[in-house]
Amino acid sequence: MKKLLIILFLFIVSGAIVGIYLFNKPVESIERMQSDYTINASELLVEFEDDESKANSKYLDKVIEVNGKVDKVENNEDKTTIYLNAGNPMSNIIFQLETPSSAIQTGEVLTFKGICTGYLMDVVLVRGVQL
């Protein structure tokens, strides 16, 4: 019985150590990840507007590089959100950057990389970085 308790205790401690390690493991930066797709902002929006389910199956949770003209930049305390013009005044491609950036200006044509989270009037990509 005593051996069983010792084995159970060691098993629990080992599980806790592995759990703490995995919880604190740093997330890989998008910058080092290979892009699944490279596309223009207007083309990406058109794909979602034409057939959202097909575009979701193609782009959802994938790393995508998107090139476009910066329409708007929102800087908050700990994040920057970039709105790329996609040719539709009602919709944009939105990037939420990994780190705040004050260097990005409206009107610039830039390329960003991020993970696509889907479409609700705008296509949203998170963990974005400027290339």
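The values are calculated or read from the model by the stated rules, or taken from the named source; none is laboratory data. Model, not experiment: these values are computed from the prediction. Heads up, the Cβs are rebuilt from the backbone with ideal geometry, glycines too, and the neighbour counts pull from every protein chain shown.
Could you please find all residues in segment 45-58 being under 18 Å from the mean Cα position of the chain (by Cα) and either loosely packed, with under 15 Cβ neighbours inside 10 Å or touching a residue at least 60 places away in the same chain (Cβ under 8 Å) (or both)? Walk me through how you get there before you give the answer.
Going residue by residue through segment 45-58, those that are under 18 Å from the mean Cα position of the chain (by Cα) are 45, 48, 55-58.
Answer for segment 45-58, where residues must be under 18 Å from the mean Cα position of the chain (by Cα) and either loosely packed, with under 15 Cβ neighbours inside 10 Å or touching a residue at least 60 places away in the same chain (Cβ under 8 Å) (or both): Leu45, Phe48, Ala55, Asn56, Ser57.
How many residues are among the charged types (D, E, K, R) and either part of a helix (DSSP H, G or I) or in contact (Cβ under 8 Å) with a residue 40 or more places away in the chain (or both) when one looks only at segment 12-44?
In the first step, residues of segment 12-44 are kept if they are among the charged types (D, E, K, R); the result is 25, 28, 31-32, 36, 43.
Those still in the list that are either part of a helix (DSSP H, G or I) or in contact (Cβ under 8 Å) with a residue 40 or more places away in the chain (or both) too: 31-32, 43.
Residues that pass the stated criteria total 3.
If we keep just the residues of segment 92-130 that are assigned to a loop (DSSP other than H, G, I, E, B) and under 15 Å from the mean Cα position of the chain (by Cα), which is farthest from Met33 (Cα to Cα)?
So in segment 92-130, the residues assigned to a loop (DSSP other than H, G, I, E, B) come out as 98-108, 121.
Of the ones still in play, those that are also under 15 Å from the mean Cα position of the chain (by Cα) are 98-100.
Details: Glu98: 14, Thr99: 16, Pro100: 20 Å.
Only one residue fits best here, namely Pro100.
Out of all the residues in segment 63-91, which are surrounded by 13 or more Cβ atoms within 10 Å (Cβ to Cβ) and not in a strand (DSSP E or B)? Break it down stepwise before answering.
Filtering segment 63-91 down to residues surrounded by 13 or more Cβ atoms within 10 Å (Cβ to Cβ) leaves 63-71, 73, 75, 79-88, 91.
Selection gives Lys79 alone.
Take Ile6 and decide whether it is at pLDDT below 90 and of a type outside the set (Phe, Trp, Tyr). Outline the logic, then answer.
On the way: at pLDDT below 90: yes; of a type outside the set (Phe, Trp, Tyr): yes.
Yes, satisfied.
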